[in-house]
1. Okay, helix-only estimate at 222 nm for the chain: each DSSP H run of n ≥ 4 adds -39500 (n - 2.57), divide by all residues, round to 500 deg cm²/dmol; what do you get?
2. For helix 6-21, report the angle its Cα long axis makes with the longest principal axis of the Cα atoms of the chain; keep it between 0 and 90° and round to the nearest 10°.
3. Between beta-carbons, use under 15 Å as the cut-off and find the net charge around GLY152, counting Lys and Arg +1, Asp and Glu -1.
4. What fraction of the DSSP beta bridges in the chain is antiparallel, stated in percent and rounded to the nearest 5?
5. Would you kindly work out the equivalent ellipsoid of the range 83-125 from its C-alpha gyration tensor and give its semi-axes, the square roots of five times the eigenvalues, largest first in whole Å?
6. Calculate how steeply helix 56-71 sits against the longest principal axis of the alpha-carbon atoms of the chain, using the helix alpha-carbon long axis, and give the answer as 0 to 90 degrees to the nearest 10.
7. For the range 89-167, what does the relative contact order come out to in percent, with C-alpha contacts under 8 Å and a separation of six or more?
8. Could you state the orientation-averaged shadow area of the convex hull built on the Cα atoms of the range 29-210, in nm² to one decimal?
Amino acid sequence: MAKLGILGLTLAIPLAIFFLSAGNAGLSDQAHVVTVVIDAGHGGKDPGAIVAGIKEKDINLSLALRAFSLAQGIPNLRVILTRTSDRYIGLVERVRFAEQVGAVLYLSIHANACSDPTICGVETYVDDSRPRDDPSWALAQAVQEAVCAQTGARDRGVRTQRLYMRHTELPAVLVEVGYLTCPAERRLLVDPGYQQEIAQGILQGILDFLGL
Ligand SMILES: [Zn+2]
């Protein structure tokens with residue numbers, strides 16, 4: 001090319017930035033950006049579990065924001081959060097939002113609580129209406145494995161219960177990242193370094209499921 005006019009330059013600069021930011025992804029892959037929605041469970045008037053003054057909603061939000069930040073460096077993946085602040089959103093509204101933004105999956109982050117302080121570890125849930133060939137099970141398995149591998153937490157397995165995720169047909173899971181009622185795990189759940197490991201695990205599980 002002999003000359004770049006003003007128009008040529010204005011086109012060339014964004015293209016150069018695109019190629020730098022897209023990493024290994026070629027121009028043709030740009031059409032294959034997949035959107036996932038990560039939900040920080042509870043929020044606003046709904047604190048979730050409260051143990052030793054720690055509110056579950058705050059842990060969930062911190063993890064979702066960390067996963068969002070980590071995803072910024074990943075080509076072909078767009079993470080959208082249902083909330084980025086301490087606000088309440090209706091449950092069905094959360095999955096409707098995921099559908100509206102064109103998400104290929106929905107993942108909700110929670111921290112667990114129970115009356116037995118010796119119970120500690122990670123669980124990932126699928127709604128009990130989902131048949132065994134529903135991709136939510138594979139997503140749950142991928143997230144469960146990746147979070148446990150990344151954190152070293154006890155693996156309490158993929159489980160099922162009645163969840164609001166029955167209101168969407170998107171692959172949808174709920175990860176319980178640890179027990180606030182387990183003293184050792186509670187100390188970890190408020191630790192920024194451990195939160196980062198959980199967020200990394202959640203993101204890795206999503207990437208494994210998507211084959212990215
Ligand atoms: Zn919860």
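1. That comes out to -13000 deg cm²/dmol.
2. Tilt of helix 6-21: around 30 degrees.
3. On the way: positive: ARG154, ARG156, ARG187; negative: GLU145, ASP155, GLU185, ASP191, GLU197.
After counting each charged neighbour, the total is -2.
4. Numbers: 6 of 27 bridges.
About 20 percent, rounded to the nearest 5.
5. Over the Cα atoms of the range 83-125, the ellipsoid semi-axes are 27, 13, 8 Å.
6. It is inclined by approximately 30 degrees.
7. 39 percent
8. Details: hull surface 39.0 nm².
If I average the Cα hull's projected area over directions, I get 9.7 nm².
Readers should treat all values here as calculations from the given coordinates under stated rules, not as data from a laboratory. All figures in this text were calculated on a predicted structure; none of them were measured in a lab. Cβ sites come from the backbone with ideal geometry, for glycine too, and all protein chains shown count toward neighbours.
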